[in-house]
Amino acid sequence: MFKADRNRLVREFDSEKLWIEPWGENSLRVRASYTTIEDSDWALLPMNDIKTEIKIDEEVATIVNGKIKAEIKRTGQVTFYNHKDEVLIRESENTYQLKYGGRELIPHPGSSDYRLTLRLESDPNEKLYGMGQYQQPFLNLKGCMLELTHRNSQASVPFVLSNLGYGMLWHNPAVGRVNFNLNVTEWQAPSTKQLDYWITAGDTPQEIEESYASVTGTVPIMPDYAMGFWQCKLRYQTQEELMEVAREYKKRELPISVIVVDFFHWTNQGDWKFDPDYWPDPEGMVKELREMGIELMISVWPTVQTESENYQEMIEKGYLVRSDRGVRTQFQFLGQNAIFDATNPKARQFLWNKIKKNYYDKGIKVFWLDEAEPEFTVYDHDIYRYHLGSSLQVGNIYPSKYSQTFYDGMKAEGQENIINLVRCAWAGSQRFGALTWSGDIHSSFKVLNNQVRAGLNMAIAGIPWWTTDIGGFHGGNPDDPSFRECMIRWFQYGVFCPVFRLHGDRMPMQKPIGTTGGGQCHSGAANEVWSYGEEAYEIFKEYLHLRERLRPYISELMQQAHEKGTPPMRPLFYDFPNDKEAWEVDDQYMFGPDIIVAPILNEGHRNRRVYLPYGAEWKNPYSGQTFEGGQYLTVEAPLERIPLFLKNGADLPIASR
């Protein structure tokens, strides 16, 4: 029944194989199946053999790796303990269904695929964080049901951190769901080959997060330019329009690091090249921008229109996502489109060759990987099939492989410090230079509230490079006083995000300027910092320069993210785990170890309550006053000011008003 296989504890019973083995410091990987257990490398990096302590007797077997111990009873129930012998998680044992315990693999008739459920006992007082980006107002996920699938503005990154002292990665890219119920936790996948998860124990959130990063990878070193201001809108329709904006920023002596050519600058979706009618001289454009100190970012979609010059070759070679039934195309937007299959290594090389010829060789070194979920017109995952398998079984890996396409190609060209903006991520995406943003969200204070929680949970899920469209994407009229206020508050928040980026589809809509290629798509209204009136412009200018002054500090944060996986923005409890109140606060955060950021998240508010964590003294940079931690303060917040506190002794150049 029990046996030790090198450093792995194995249980075999009635055709079920259960493996528990060390995978990084203080961490274990658990796999189970009724067929052959696979060595899938979805997110976890290979680990060298780690010496463990395995003990076996007739009734129970244990395996210990540093601060974590797993115990398997003769009945098959698994329990994990920390080094203090405290229970971290325990599989259910016939708790509320008489037939089934914690692990349930039910085969689909006539196949070797299973419907999988993992049931864990639940502590109703536990607090849970991470899991990626969901558009909801909750930081603590206890009591939530989450889809394990991607959508526009939703990124499922299934790593959860508990205040009980563990982190767990659901190492399975299958579409499914998790229920963090008060009475039971259930992880579910309707179609998969095996159970596969990873768990680590640590005394602090930082220790847990660093262990997770050590087995899934860390971000590259962020290039210096990426720490500045990124200008974007939907959409610059011509080369001259974009260049006029860039020149105006320089004329006004405003800091700007990146400017963006958004979608439909191409001839057809899937041609992956500029439309020469509207972008006649890409090399000259890149050269002039670089002379101004500005990098050009280009939008790339994975969609391949049936009229594309590449469609026929790609379908013949199997480089497109297949449809098992129904129509052959999967996405409808200004044409019928199939989707590039990023799980196919040959397809990845094919796409990179096109990108290199039409963009990279023209001097473009940063890309915007849009539609990265990928976006299907209909999310019936049982219809779609990738090179690696059914979308039901492997669909969540897509955004990671999409990022890998560009990372591998750029790395092969000798580029260092790779960063690409991408609309979705999965566990491990960070090591491919993925900068995730929160998708096509609505332009409102309500949605700004959600972004604060989404960004912090994304950080805990191991994706340290994250940003939003400042002002939201859908809607917002620059002449509307209410929206101007939302923009100002969002812009202030954006300064203290890992990447500071302005984007949006503003109203009123601008009509298409042609009927073919890049001319057939509409544009939005102006979205530059001078587009929102003089009062807003003066505030924006101040915060543009504040971001510049903070760049040495931000550079240190990005170095820590690269070396250890430390997220630049994180909940208060990350730095103050012994302060119980810090685990409750969900509308303010740490930007690095020295800055508390308390954004204004409601229209008309000119003050707010701010919690100062226990264990440090805090200085108000506007008034110069110092306060002991462990208390709430009501802080004034006129329109031109975002509430901030600095750890006493931190010498940071935040100008006071």
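The values are calculated or read from the model by the stated rules, or taken from the named source; none is laboratory data. Just so we're clear, the structure is a prediction, and the values are computed from it rather than from any experiment. Cβ: placed from backbone, ideal geometry, glycine included. Neighbour counts: every protein chain shown. Remember, those area values only see protein heavy atoms, side chains included, never the ligands or the DNA or RNA. Shrake-Rupley method; radii C 1.70, N 1.55, O 1.52, S 1.80 Å.
Give me a count of the residues in the stretch 436-465 that are aromatic (Phe, Trp, Tyr) and either crowded, with 23+ Cβ neighbours inside 10 Å or free of Cβ contacts under 8 Å to residues at least 12 places away in the same chain (or both). Total satisfying the criteria: 2.
Considering each residue of the stretch 617-625 in turn, none proves to be free of Cβ contacts under 8 Å to residues at least 40 places away in the same chain and touching a helix residue (DSSP H, G or I) at 6+ places or on another chain (Cβ under 8 Å). Only one entry of Glu528, Glu534 meets the criterion of being acidic (Asp, Glu) and closer than 16 Å to Tyr249 by Cβ, and that entry is Glu528. Can you pull out every residue in the stretch 275-299 that is more than 24 Å from Tyr402 (Cβ to Cβ) and either part of a helix (DSSP H, G or I) or within 32 Å of the chain's Cα centre (by Cα) (or both)? Of everything in the stretch 275-299, those that are more than 24 Å from Tyr402 (Cβ to Cβ) and either part of a helix (DSSP H, G or I) or within 32 Å of the chain's Cα centre (by Cα) (or both) turn out to be Glu283, Gly284, Met285, Lys287, Glu288, Leu289, Arg290, Glu291, Met292, Gly293, Ile294. The set of residues in the stretch 323-374 being β-branched (Val, Ile, Thr) and open to solvent by less than 10 Å² (accessible area, probe 1.4 Å) consists of Ile339, Thr343, Ile355, Ile364, Val366. Selection of the stretch 9-23 for residues being in a strand (DSSP E or B) and either out of contact with any strand residue (DSSP E or B) (no Cβ under 7 Å at 6 or more places or on another chain) or in contact (Cβ under 8 Å) with a residue 12 or more places away in the chain (or both) yields Leu9, Arg11, Glu12, Phe13, Glu16, Lys17, Leu18, Trp19, Ile20, Glu21, Pro22.
For the stretch 10-23, the set of residues classified as over 28 Å from Gln206 (Cα atoms) and buried (at least 16 other Cβ atoms within 10 Å of the Cβ) consists of Val10, Arg11, Lys17, Leu18, listed by residue number. Residues in the stretch 375-392 that are among the aliphatic types (A, V, I, L, M) and open to solvent by less than 40 Å² (accessible area, probe 1.4 Å): Ile383 only. Within the stretch 24-37, the set of residues being closer than 21 Å to Ile72 by Cβ, open to solvent by 10 Å² or more (accessible area, probe 1.4 Å) and touching a residue at least 40 places away in the same chain (Cβ under 8 Å) comprises Asn26, Tyr34, Thr35, Ile37.
Within the stretch 510-542, restricting attention to residues that are under 23 Å from Val258 (Cα atoms) and of a type in the set (Val, Ile, Thr), which residue is farthest from the chain's Cα centre (by Cα)? Per the criteria, the residue is Ile539.
Checking each residue in the stretch 468-488 for being more than 28 Å from Asn420 (Cβ to Cβ) and either basic (Lys, Arg) or without any contact (Cβ under 8 Å) to a residue 60 or more places away in the chain (or both) picks out Asn477, Pro478, Asp479, Asp480, Pro481, Phe483, Arg484. Please work out which residue is most open to solvent (accessible area, probe 1.4 Å), limiting yourself to the stretch 211-236 and to residues that are in a helix (DSSP H, G or I) and out of contact with any strand residue (DSSP E or B) (no Cβ under 6 Å at 6 or more places or on another chain). Across the stretch 211-236, the extreme among qualifying residues is Asp224. Looking only at residues in the stretch 59-93 that are acidic (Asp, Glu) and in contact (Cβ under 8 Å) with a residue 24 or more places away in the chain, the one that is surrounded by the fewest Cβ atoms within 10 Å (Cβ to Cβ) is Glu86. Counting only residues that are in contact with a helix residue (DSSP H, G or I) (Cβ under 8 Å, 6 or more places away or on another chain) and more than 28 Å from Pro276 (Cα to Cα), how many does the stretch 329-376 have? The total comes to 3. Against the test of being open to solvent by 10 Å² or more (accessible area, probe 1.4 Å), of a type in the set (A, V, I, L, M, F, W, C) and modelled with pLDDT of 95 or more, the options Ala427, Ala412 yield a single qualifying residue, Ala412. Condition first: within 25 Å of Asn125 (Cα to Cα), assigned to a loop (DSSP other than H, G, I, E, B), touching a helix residue (DSSP H, G or I) at 6+ places or on another chain (Cβ under 9 Å) and modelled with pLDDT of 95 or more. Can you find one or more residues in the stretch 592-604 that meet it? No: the stretch 592-604 contains no residue that is within 25 Å of Asn125 (Cα to Cα), assigned to a loop (DSSP other than H, G, I, E, B), touching a helix residue (DSSP H, G or I) at 6+ places or on another chain (Cβ under 9 Å) and modelled with pLDDT of 95 or more. Residues to consider are Ala616, Ala637, Ala655; find the one that is modelled with pLDDT under 95 and of a type in the set (A, V, I, L, M, F, W, C). The conditions single out Ala655.
Contact annotation: residue pairs with Cβ atoms under 6 Å, 6 or more positions apart or on different chains, pairing a residue in the stretch 238-258 that is farther than 24 Å from Gly519 by Cα with a partner that is part of a helix (DSSP H, G or I), are Leu254/Leu544; Pro255/Leu544; Pro255/Glu548; Ile256/Tyr249; Ser257/Tyr225. For the stretch 181-210, give me each residue that is outside any loop (DSSP other than H, G, I, E, B) and either within 30 Å of Phe263 (Cβ to Cβ) or among the hydroxyl-bearing types (Ser, Thr, Tyr) (or both). Within the stretch 181-210, Thr185, Ser191, Thr192, Tyr197, Thr200 qualify. All conditions but one from (1) over 23 Å from Ala434 (Cα atoms); (2) in contact (Cβ under 8 Å) with a residue 12 or more places away in the chain; (3) out of contact with any helix residue (DSSP H, G or I) (no Cβ under 7 Å at 6 or more places or on another chain) apply to Pro190; the one that does not is (3).
For the stretch 513-540, which residues satisfy the criterion of being touching a residue at least 24 places away in the same chain (Cβ under 8 Å), closer than 27 Å to Gln239 by Cβ, open to solvent by less than 60 Å² (accessible area, probe 1.4 Å) and touching a helix residue (DSSP H, G or I) at 6+ places or on another chain (Cβ under 8 Å)? Within the stretch 513-540, Ala525, Glu528, Val529, Tyr532, Phe540 qualify.
Looking at this structure, is Asn602 surrounded by fewer than 16 Cβ atoms within 10 Å (Cβ to Cβ), of a type outside the set (Val, Ile, Thr) and in contact (Cβ under 8 Å) with a residue 12 or more places away in the chain? In short, yes.
When the test is whether a residue is open to solvent by less than 10 Å² (accessible area, probe 1.4 Å), closer than 21 Å to Gly428 by Cα and either of a type outside the set (Phe, Trp, Tyr) or under 22 Å from the mean Cα position of the chain (by Cα) (or both), Gly395 passes it. Consider Gly165 carefully, then state whether it is at positive phi and either buried (at least 23 other Cβ atoms within 10 Å of the Cβ) or in contact with a helix residue (DSSP H, G or I) (Cβ under 8 Å, 6 or more places away or on another chain) (or both). Yes; evaluated as a whole, the condition is true for this residue.
Among the residues of the stretch 492-511, those that are open to solvent by less than 10 Å² (accessible area, probe 1.4 Å) and farther than 16 Å from Asn602 by Cβ comprise Gly494, Val495, Phe496, Cys497, Pro498, Val499, Phe500, Arg501, Leu502, His503, Gly504, Arg506.
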